[in-house]
Amino acid sequence: MFEKKNAERVPLVTDVRNTYTAVASDQEALQTDGIAGIKHCHDNSRAQEDREREKKVARKRLYVVSVICLIFMIGEIFGGYFAGSLAVMTDAAHLLVDFTSFIISLLSLWLSSRPATHRLSYGWHRAEILGALLSIFTIWLVTGVLVYLAVERLISDDYEIEGTIMLITSGCAVLANIIMALTLHQSGHGHSHGGLSSHGHSHGGKKKKGHDQISNHAHSNDDHVDVEQKGPDYGRRAQQANASVRAAFVHVVGDLLQSLSVLVSAIIIFFKPEYKIADPICTFLFSILVLCTTFTIMRDILVVLMEGIPSGVKYSEVRGGLLAVKGVTAVHNLRIWALTMNQAVLTAHVAIDESVDAQTVLREMTQSCFSSYNFHSVTIQIERQADLKPGCTLCEDPRM
């Protein structure tokens with residue numbers, strides 16, 4: 001299977017020092033035997049189906065909350081105008097930001113569904129992340145404006161408020177935000193959908209010096225393996241919510257806090273009109289809470305953009321799972337990075353013993369990865385133990 005006479009050499013990279021080639025060998029064994037009964041290397045994928053189903057649900061939720069948000073935003077604009085309440089008007093502006101963020105999220109979901117291209121080999125998956133990032137920036141901007149206007153009112157004290165209209169409008173706004181929050185709310189569920197469709201490219205040639213020089217790349221992209229097959233601790237994770245819906249939910253929670261502050265102000269002003277200062281004070285205090293609600297999602301967005309390991313995936317556990325496969329003697333160049341908030345990518349170089357079959361080890365390692373985590377794809381390069389070079393800096397494990 002790995003002999004040069006059956007191989008087609010394809011140049012990969014050429015520079016002044018070396019010419020690297022990939023030997024594309026017969027993949028019939030991998031495609032016929034497959035992993036977990038899969039007959040074709042692209043016969044994926046339960047995880048991909050779950051991803052598309054997740055996007056469909058996300059779009060439906062965003063459509064519903066967009067309509068609700070638009071209706072109540074128009075109502076708050078008129079209510080705030082007739083009540084003369086800055087808090088109500090700023091809450092309407094906050095709803096406008098929410099509505100804009102929902103449209104951005106819907107657009108990013110559509111972009112992320114577009115196929116990969118030669119220039120964008122992973123497709124448009126990170127359009128969701130960019131949309132969520134833009135949503136966070138807009139809510140920070142509007143919150144800053146709200147704080148400025150609240151401080152300005154505290155200083156000038158030149159305003160009048162109609163308590164009855166403000167109370168009715170703010171009560172409706174709270175109800176609208178509760179409905180939107182319930183619509184967008186997501187909770188992780190305990191069992192995992194992994195992936196196990198091996199996409200194998202065997203690269204290498206057979207040497208005549210007594211051992212095989214094999215560079216076996218397994219690109220696996222996603223079938224269903226139950227995580228319950230593993231131990232109680234290995235691979236336990238909660239599936240993260242869709243990034244766009246999660247960002248929208250943060251927007252709505254922030255706006256709910258803002259609406260509650262307006263309602264509290266309205267109640268105070270309705271019974272005690274002389275305490276109209278409650279309007280800017282509540283706007284100021286709850287704007288701080290709005291900012292706090294965005295910090296967690298902003299942290300996760302930065303992890304994705306910095307190609308860090310997503311939460312829920314442990315480097316040491318993944319490495320340990322690969323080393324636990326029979327015949328594996330060393331794992332190096334292990335790279336794990338977040339493609340989106342709920343999908344990661346893995347690449348690794350794995351040294352195996354001379355006595356074991358490379359394809360068997362490849363299948364077991366791929367199964368170990370996909371049965372435990374929601375990887376978008378897994379690429380494993382198989383090497384022989386005798387070919388490892390001691391002291392290679394690229395083979396060293398990353399620092400803690």
### Query
Among the residues of the range 278-290, is there at least one that is under 15 Å from the mean Cα position of the chain (by Cα) and assigned to a helix (DSSP H, G or I)?
no
### Query
Does Ala173 satisfy the condition of being without any contact (Cβ under 8 Å) to a residue 24 or more places away in the chain and surrounded by 16 or more Cβ atoms within 10 Å (Cβ to Cβ)?
no
### Message
Restricting to the range 368-398, count the residues that are in contact (Cβ under 8 Å) with a residue 12 or more places away in the chain and over 25 Å from Glu307 (Cβ atoms).
### Response
5
### Query
Only one residue in Val350, Val345, Val318 is under 30 Å from Leu130 (Cβ atoms), surrounded by 22 or more Cβ atoms within 10 Å (Cβ to Cβ) and touching a residue at least 24 places away in the same chain (Cβ under 8 Å), so which one is that?
Val318
### Query
What number of residues in the range 100-125 are within 14 Å of Val67 (Cα to Cα) and at pLDDT 80 or above?
3
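Would you say Ile380 is crowded, with 19+ Cβ neighbours inside 10 Å, outside the structural domain of Arg299 (by TED's automatic domain parsing) and under 30 Å from Lys55 (Cβ atoms)?
yes
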#### Entry: Test for Gly131: is it in a helix (DSSP H, G or I), modelled with pLDDT of 85 or more and assigned by TED's automatic domain parsing to the domain that holds Asp255
no
### Query
What residue, among those in the range 55-91 that are touching a Leu at 6+ places or on another chain (Cβ under 9 Å) and among the basic types (Lys, Arg), is surrounded by the most Cβ atoms within 10 Å (Cβ to Cβ)?
Arg61
### Task
Answer yes or no as to whether Val304 is modelled with pLDDT of 80 or more and more than 23 Å from Glu162 (Cβ to Cβ).
yes
### Message
Tally up the residues in the range 95-146 that are surrounded by 18 or more Cβ atoms within 10 Å (Cβ to Cβ), closer than 30 Å to Thr283 by Cα and among the aromatic types (Phe, Trp, Tyr), please.
### Response
2
### Message
Which of the numbered conditions does Val345 fail, given that it passes all the others? Conditions: (1) in a strand (DSSP E or B); (2) farther than 18 Å from Ser371 by Cα; (3) under 26 Å from the mean Cα position of the chain (by Cα).
### Response
(2)
### Restricting the range 328-342 to residues that are closer than 23 Å to Ile382 by Cβ and buried (at least 19 other Cβ atoms within 10 Å of the Cβ), the residue that is farthest from the chain's Cα centre (by Cα)
Val328
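Restricting attention to the range 264-275, report how many residues are out of contact with any Phe, Trp or Tyr (no Cβ under 6 Å at 6 or more places or on another chain) and surrounded by fewer than 21 Cβ atoms within 10 Å (Cβ to Cβ).
Step one: list which residues in the range 264-275 are out of contact with any Phe, Trp or Tyr (no Cβ under 6 Å at 6 or more places or on another chain), which gives 264-267, 269-275.
Checking the rest, the ones that are also surrounded by fewer than 21 Cβ atoms within 10 Å (Cβ to Cβ) come to 264, 267, 270-275.
Number satisfying all stated conditions: 8.
The values are calculated or read from the model by the stated rules, or taken from the named source; none is laboratory data. It should be emphasised that the depicted structure is a prediction, and the values quoted were computed from it without experimental measurement. Cβ sites come from the backbone with ideal geometry, for glycine too, and all protein chains shown count toward neighbours.
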